[in-house]
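Have a look at the structure below before the remarks.
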Amino acid sequence: AQSVSQHNHHVILSEAASLELGCNYSYGGTVNLFWYVQYPGQHLQLLLKYFSGDPLVKGIKGFEAEFIKSKFSFNLRKPSVQWSDTAEYFCAVNAGRRALTFGSGTRLQVQP
Amino acid sequence: EAGVAQSPRYKIIEKRQSVAFWCNPISGHATLYWYQQILGQGPKLLIQFQNNGVVDDSQLPKDRFSAERLKGVDSTLKIQPAKLEDSAVYLCASSLRQGFEETQYFGPGTRLLVL
């Protein structure tokens with residue numbers, strides 16, 4: 001069975017600080033990888049996705065993630081966070097056309 | 001393009017009562033999912049439909065939960081009878097396969113509180 005670990009449960013940063021959120025998954029085969037974001041009071045939105053090809057994926061709002069197959073990781077990064085990035089971030093994986101398996105989420109709080 | 005629609009947005013019921021949630025997926029999306037998100041956790045799959053057929057309901061508590069997707073479009077999820085531990089946000093998502101890629105889009109969810 002697949003599993004996803006997000007080790008940072010709550011992260012507090014000041015504006016302009018750099019961000020890296022960890023995501024590790026457990027699955028032996030080919031996976032698709034996603035980061036979703038949930039802003040306060042809003043629904044889950046896709047931030048970026050990886051299916052194949054270049055392991056460095058760029059998403060919306062300046063976010064990027066790197067797939068490192070040997071480490072089973074798909075960490076999310078942003079060089080300079082803004083107050084508006086305050087949200088909960090979920091890493092998710094699936095195989096083929098199956099449902100997503102989500103991590104437990106990381107709550108990011110950006111202080112102005 | 002309209003997103004995934006869900007109703008109601010909020011529901012409060014007492015334990016042992018029944019409740020139903022409705023989902024209208026993005027037009028043309030063949031696959032529909034229901035997820036349960038308990039506070040402090042990531043969403044967990046309850047059931048996956050492909051058109052009007054069930055693909056995966058292995059994690060659906062079938063003694064109390066049921067779901068259907070008539071005509072391969074709208075879907076309803078029912079809980080009968082509800083328990084306290086069913087308090088959660090129920091998310092509906094839909095997806096469309098494009099080549100080798102398939103991305104899920106989520107609705108706003110229904111927040112259920114069981115007293």
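Separation of segment A:28-53 and segment A:67-112, taken as the distance between their Cα centroids, equals 7 angstrom.
Each pair of Cα atoms in chain A enters the Kirkwood radius, and Stokes-Einstein at 10 °C and 1.306 mPa s then converts it into a translational diffusion coefficient of 113 µm²/s. Restriction of the chymotrypsin sites (Phe, Trp or Tyr not before Pro) in segment B:25-115 to DSSP coil positions whose beta-carbon has at most 16 other beta-carbons within 10 angstrom yields B:100. Would you list which aspartates and glutamates come within 15 Å of residue A:49, measuring only between C-alpha atoms, while excluding same-chain residues fewer than 8 positions from it? Filter leaves A:64, A:66, B:101, B:102. Along segment A:13-18 the Karplus relation, 6.51 cos²θ - 1.76 cosθ + 1.60 evaluated at θ = phi - 60°, assigns HN-Hα couplings of 10, 8, 3, 6, 6, 8 Hz to successive residues, with x for each Gly and Pro. The longest stretch of chain B left intact once loop-based trypsin sites (Lys or Arg not before Pro) with at most 13 other Cβ atoms within 10 Å are removed from consideration, loops following DSSP, is B:17-61. Amide H to amide H distances under 5 Å link residue B:31 with B:51, B:95, where only residues 5 or more positions off or on other chains count and H is placed in the peptide plane.
Taking the protein heavy atoms of the protein assembly as shown in the context of the full set of protein chains, the accessible area attributed to carbon and sulfur is 51 percent at 1.4 Å. Each semi-axis of the equivalent ellipsoid for segment B:10-58 is √(5λ) with λ an eigenvalue of the Cα gyration tensor; in descending order they amount to 23, 14, 12 Å. 3J(HN,Hα) couplings calculated from phi for segment B:26-43 with the Karplus curve 6.51 cos²θ - 1.76 cosθ + 1.60 (θ = phi - 60°) are, in sequence order, 5, 4, x, 7, 7, 9, 10, 10, 10, 10, 10, 10, 7, 3, x, 10, x, x Hz; Gly and Pro show x.
The values are calculated or read from the model by the stated rules, or taken from the named source; none is laboratory data. Please read all numbers here as calculations on a predicted model, not as lab measurements. So basically every Cβ, Gly included, is an ideal-geometry build from the backbone, and we count neighbours across all protein chains shown. We work out accessible area using only protein heavy atoms, side chains counted, and drop any ligands, DNA or RNA first. Shrake-Rupley method; radii C 1.70, N 1.55, O 1.52, S 1.80 Å.
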